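Here's the structure, in structure tokens; my notes come after.
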Amino acid sequence: MHSQREYSLEQVLEDNKEKIYRICRIYAVDPIEPQDLFQEVVFQIWKSFSSFKAKSSINTWVYKIALNVCFRSKLKLEKANSKLVKLDSIQFIPAETDSDSDDEEKYKALHDCIYSLNESDQSIVVLYLEELPYKEIASITGLSENHIAVKMKRIKQQLFDCITPKLN
Amino acid sequence: MLEQNLKDIWKNSSRIEKIKFDLSRLVLDLNGKMKSIEKAIRTRDIREIGASVFGVLLFGYFAIEIPFPITKIASVLTIGWFIYIIFKLKKNKNTKVPIDMSASFNDQLDQQKNNMVQEAKLLNSVLYWYVLPPFILNIIFILGIGNPLDYNWSSWAMDVLPVELNDKVRLLTLIGLFNVFVVWLNKRAVKKSITPIIKEIETVQSQLQSDAQNI
């Protein structure tokens, strides 16, 4: 276990930016963009960073914040996105290499299938796709490891049923 | 195979954009945003408490200046009500638990729901703590206004305070209608904004607990 002092904020953000952004892409619903959500997650990580205690790994902690912030945006607690934080020091640059249209289609199919799941299953499946062990998913969601295993069996089946015809 | 394919599709999805931090500016930026949020909260608090402080000063003036005993008593009681409102709003803010974003998803849902339920209770009960007490005091205050000549009293306040019964009834009707509107606005806010959020949280909570019978 590590304490917060062993990490710098910059290091944590740099190491986790891609996974945070992947989750934000699932939860961003018009008019909120994934970039808006990403910035809000960064803001919350910065706000909570001093209170990070090594009860869980830093990765688990980051996932918890990302998931909570992204889900909270869906509840529309703030009017429109007026309270979402805009940070000019974070830039989103389109990748230089031409993205493969086949990859894009596959991602769109996966995105649609995740979106067709209920809210709770969505939050679990993104963690599963991040290749987190059930124990860590259990810690992030607050459920037991066995409960996650049972849920994942059903969710995987739903996901496969949805995506198989789309990928073939 | 399919499982690994899906994980690969998922992981590759973040390649479409590169995220760059300008680290020298990031903390400054974050601090700036924090300050602007805190300023907005402070402004809202000052606005809410400022209205009550204005009420205390106005009715303090009435309590001293107006010679009619019943109206004087109503003024003093109204000051007491304004002070109660300041404490009530402060207490409500203090009892609201700040959402711990690093809590587990399940715990965070509980915290969100508790805060929403508390907010709904406060707004649903405005009739009893925000509308009825001052309305009763308004009635006593207005009906207590006597004839200034009997007290040999003259003041600018007599230009705005109703002396004739007709004027008193008209003013009380207006105040009553305004109070009905305030109650309606608060009930509507609960129905349109808060109840749907509570229901959505409860739905997700029950989804999370589903499958438990198969463990």
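Just so it is clear, none of the values below were taken in a lab; they were calculated from the coordinates. Model, not experiment: these values are computed from the prediction. Reconstructed Cβ throughout: ideal geometry from the backbone, glycine too, with neighbour counts over all protein chains shown.
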The set of residues whose placed amide H lies less than 5 Å from the amide H of B:GLU17, leaving out same-chain residues fewer than 5 positions away, is A:ALA95
Using the Karplus curve 6.51 cos²θ - 1.76 cosθ + 1.60 with θ = phi - 60°, what ³J(HN,Hα) values do you get for each residue of region B:205-211, in whole Hz, with x for Gly and Pro?
4, 6, 5, 4, 7, 5, 6
Under the definition of partner shielding as Cβ atoms of other protein chains within 10 Å of a residue Cβ, what is the mean value for peptide B:180-190?
0
What does the structure give for A:123-133 when I average, per residue, the other chain Cβ atoms found within 10 Å of the residue Cβ?
3
Between helix B:165-189 and chain B, what is the angle of the helix's C-alpha long axis to the longest principal axis, kept within 0 to 90° and rounded to the nearest 10?
10 degrees
Given points 7 Å out from each Cα along the Cα-Cβ axis, report the B:VAL53 to B:ASN114 separation in nanometres with one decimal.
3.2 nm
In order over region A:143-156: 3J(HN,Hα) from phi, Karplus 6.51/-1.76/1.60, θ = phi - 60°, whole Hz, x for each Gly or Pro, gives 9, 7, 4, 5, 4, 5, 4, 5, 4, 4, 4, 6, 5, 4
Rounded to the nearest 10 degrees, what's the angle between the helix B:69-95 long axis and the longest principal axis of chain B, both from Cα atoms, 0 to 90?
10 degrees
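Say R0 is 30 Å: what FRET efficiency, to the nearest 0.05, do B:TYR128 and A:VAL29 get from their beta-carbon distance?
0.20
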Inter-label distance for A:LYS53 and A:ASP102, nm, one decimal - labels placed 7 Å from Cα along Cα-to-Cβ
5.1 nm
Roughly what angle does helix B:132-143 make with the longest principal axis of chain B, taking Cα atoms, 0 to 90 degrees, to the nearest 10?
20 degrees
Fewest to most Cβ atoms within 10 Å: A:VAL29, A:VAL41, A:VAL126 sort as A:VAL29, A:VAL126, A:VAL41
Cut-off is 10 Å between beta-carbons; in what order do B:VAL117, B:VAL56, A:VAL69 appear when sorted fewest neighbours first?
B:VAL117, B:VAL56, A:VAL69
Ranking B:MET116, A:MET152, B:MET34 by Cβ neighbours within 10 Å, fewest first, what do you get?
B:MET34, A:MET152, B:MET116
Entries of A:LYS74/A:LYS153; B:LYS33/B:LYS91; A:LYS74/B:LYS192; A:LYS47/B:LYS33; A:LYS64/B:LYS121; A:LYS86/B:LYS39 with Cα pairs more than 18 Å apart
A:LYS74/A:LYS153; B:LYS33/B:LYS91; A:LYS64/B:LYS121
